[in-house]
Amino acid sequence: MTATIPELKSLAYAIRERAIHMVARADSSHIGGTLSMADLLAVLYGDFLRVKPEDPDWADRDRFILSKGHCCSGLYAALALKGFFPLSDLDEYSFTDSRLMCHVSHAVPGVEWSTGSLGHGLGIGAGQAYIARKTDKPWRVCVVLSDGELDEGSNWEAILFAGHHQLSNLYAIVDYNKIQSLGAVEDVIKLGDLSAKFASFGWAPREVDGHDVEAIRAALREPWPENQPRCLIAHTVKGKGVDYMEHKLEWHYRAPKTEDLLTRALNQLQVNYPGDHG
């Protein structure tokens, strides 16, 4: 799978646009963290992951886990845009009896695991990568985590396990937007030098601008050290693409549900992501 940079930017725009509509319609939340990871999702689903939308259960598919499951509107948007299920299904997001629940659900085609309680996705991913290694399977496992989620000790157990077993088929991608549910990451629990921490557990870390799709793609594609799990620390902005949401804690919880807020958000996307969005 190979996409052009304009195609990846267009996909990132579309993920943001669809997610904003979904969250506003449902009067839901977590749009800030969804916007911060939209460029990561665009590169993963537009260029990196080996998946088949027409066959979501293809045995040799790469496994993707969104550990920060509260930001599922972005993942649902990416999956629908890539053809895993009809785009019209996004209109049901977070409504009663919808399979598009407000925390990511494995009832949705293309979703491997239901997540929402933080700190579990990387452990699941490490287990899947270990199984693939032991059974000579070709698939890779990618896990997107939040920075605040790294407060959970279970992540560090998984990091220790993956380093010990040299799971080079495992990719941990940290959406490092510096804001978690109750405040700035720096004020809640400092993470310090994440690259050094992962390296000390036997991982190969890289840091990247999490809104530069070309840099993200290069960081994932370029050769990694052998026999080490891979960690991509993506420096991002909470609410990226909508000026009144950027760097704002309140958009962890709020929805742009008024006509004014929704229109302003969509107009901001048009300004910040110009081009043919077809």
- line: With Ala80 itself left out, Lys, Arg at +1 and Asp, Glu at -1 over residues whose Cβ is under 15 Å from its Cβ give 0
task: For the stretch 136-278, calculate the relative contact order in percent as a whole number, restricting contacts to Cα pairs under 8 Å that are 6 or more residues apart.
output: 24
- prompt: Sorted by packing (mean other beta-carbon atoms within 10 Å per residue), highest first, where do 47-55, 170-178 land?
  reply: 170-178, 47-55
- prompt: Tell me, in nm to one decimal, what length is gained between Lys137 and Lys52 on full extension, where the rule is 0.36 nm per residue of separation less the Cα-Cα distance?
  reply: 28.9 nm
- request: Report in % the part of the accessible area of the chain that belongs to carbon and sulfur, leaving out ligands and nucleic acids; probe 1.4 Å.
  value: 51
statement: Only helices counted: for the chain, with every DSSP H run of 4 or more residues adding -39500 (n - 2.57) and the sum spread over all residues, [θ] at 222 nm is -11000 deg cm²/dmol
statement: Low-density loop GluC sites (Glu not before Pro), the stretch 196-267, at most 15 other Cβ within 10 Å, DSSP non-H/G/I/E/B, are Glu226
field: Sites matching trypsin sites (Lys or Arg not before Pro) across the stretch 222-278 that sit in DSSP coil, with at most 16 neighbouring C-beta atoms within 10 Å
entry: Lys248, Lys257
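The values are calculated or read from the model by the stated rules, or taken from the named source; none is laboratory data. Note that the structure is predicted; figures quoted are calculated from it, not measured. Cβ: placed from backbone, ideal geometry, glycine included. Neighbour counts: every protein chain shown. Note: areas computed on protein heavy atoms with side chains; ligands, DNA, RNA excluded. Shrake-Rupley method; radii C 1.70, N 1.55, O 1.52, S 1.80 Å.
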